[in-house]
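The values are calculated or read from the model by the stated rules, or taken from the named source; none is laboratory data. Bear in mind that the values here come from a model prediction, so they are computed numbers and not experimental data. Don't worry about glycine lacking a Cβ; one is built from the backbone with ideal geometry, like all the others, and counts go over all protein chains shown. Heads up: the accessible areas ignore ligands, DNA and RNA and are worked out on the full protein's heavy atoms, side chains in. Shrake-Rupley method; radii C 1.70, N 1.55, O 1.52, S 1.80 Å.
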Amino acid sequence: MTVTLITGANKGIGFETARQLLELDHVVYIGARDVERGQKAAAEIGARFVQLDVTDDASVSRALATIDSAEGRLDVLVNNAGILGGGAVDGPTALRAFDTNAVGIVRVTEAALPLLRNSSNATVVNVSSSAGSFWAVTNPDRPEFGLPLALYSASKAAATMLTVQYAKSQPGIKFNAVEPGTTATDMTAAFGIGRTPQESAGVVVRLATLDTDGPTGTFQDENGELPW
């Protein structure tokens with residue numbers, strides 16, 4: 001059995017990723033801040049639930065301790081939790097965006113590393129975005145070109161760089177960042193754009209199910225590696 005933890009997984013891409021990995025016989029832990037919503041989502045698809053707020057060190061520690069006690073290892077970590085950070089561009093909003101989208105990756109990954117090292121095929125997928133890519137946001141042919149999301153874009157650029165640095169510092173664990181595609185979720189509802197979460201989750205699942213000789217330190221979408 002492959003043991004998988006997905007953060008921010010009570011809805012959207014995270015929830016659909018959980019559903020698809022369950023179909024591949026993973027033991028899936030849905031991490032969510034809200035206990036009621038997380039438990040409901042887990043029960044709906046037969047996953048397990050851990051309360052996990054990526055902005056709270058104690059919450060992260062408790063979640064990983066729960067998985068350690070039950071499983072003794074973690075094979076796949078999907079750092080999916082994220083916020084748009086829209087609205088005012090100011091210090092408090094910037095802190096919230098970076099705390100969730102970038103610092104949250106550090107919190108969860110650092111807490112998970114001991115369990116990942118117990119796996120024979122440890123894989124970390126960081127759900128990033130081409131909105132954090134210089135190549136995409138300066139290309140008029142890309143949808144990211146017109147998105148007025150400075151803080152989201154900057155925090156996702158940090159998420160992708162963290163992926164590369166972790167891949168370098170943890171050679172026994174695969175770290176890859178993913179652009180799941182423009183997706184219609186609660187987060188993007190104001191823009192009225194995107195495909196279904198089911199479609200985008202397939203991109204995440206592909207990187208979450210790599211063989212032992214799979215790539216590391218990459219930024220990919222469904223068509224392969226992306227410039228950034």
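Within the range 83-117, the set of residues being touching a residue at least 12 places away in the same chain (Cβ under 8 Å), under 17 Å from the mean Cα position of the chain (by Cα) and open to solvent by 30 Å² or more (accessible area, probe 1.4 Å) comprises 83, 84, 96, 98, 99, 103, 106, 107, 111.
Going through the range 155-182 one residue at a time, which ones are in a helix (DSSP H, G or I) and either buried (at least 19 other Cβ atoms within 10 Å of the Cβ) or in contact (Cβ under 8 Å) with a residue 60 or more places away in the chain (or both)?
Taking the range 155-182 as the starting set, the residues that turn out to be in a helix (DSSP H, G or I) are 155-169.
Within the range 155-182, 155, 156, 157, 158, 159, 160, 162, 163, 166, 167 qualify.
Here residue 70 meets the list (1) closer than 29 Å to residue 164 by Cβ; (2) assigned to a helix (DSSP H, G or I) almost entirely, failing just condition (1).
Here is a yes/no grid of residues against (1) of a type in the set (Gly, Ala, Ser); (2) modelled with pLDDT under 90:
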position	(1), (2)
110	no, no
116	no, no
126	no, no
135	no, no
149	no, no
154	yes, no
184	yes, yes
213	no, no
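In the set (1) without any contact (Cβ under 8 Å) to a residue 60 or more places away in the chain; (2) closer than 18 Å to residue 207 by Cα; (3) part of a helix (DSSP H, G or I), the condition left unmet by residue 145 is number (2).
Quick test for you: out of 10, 79, pick the one residue that is closer than 21 Å to residue 202 by Cα and touching a Ser or Thr at 6+ places or on another chain (Cβ under 6 Å). Give the steps one after another, and end with the answer.
On the way: 10 fails: touching a Ser or Thr at 6+ places or on another chain (Cβ under 6 Å).
Being closer than 21 Å to residue 202 by Cα and touching a Ser or Thr at 6+ places or on another chain (Cβ under 6 Å) holds for just one of 10, 79, which is 79.
Among residues of the range 1-37 being assigned to a loop (DSSP other than H, G, I, E, B) and polar (S, T, N, Q), the one that is most open to solvent (accessible area, probe 1.4 Å) is 10.
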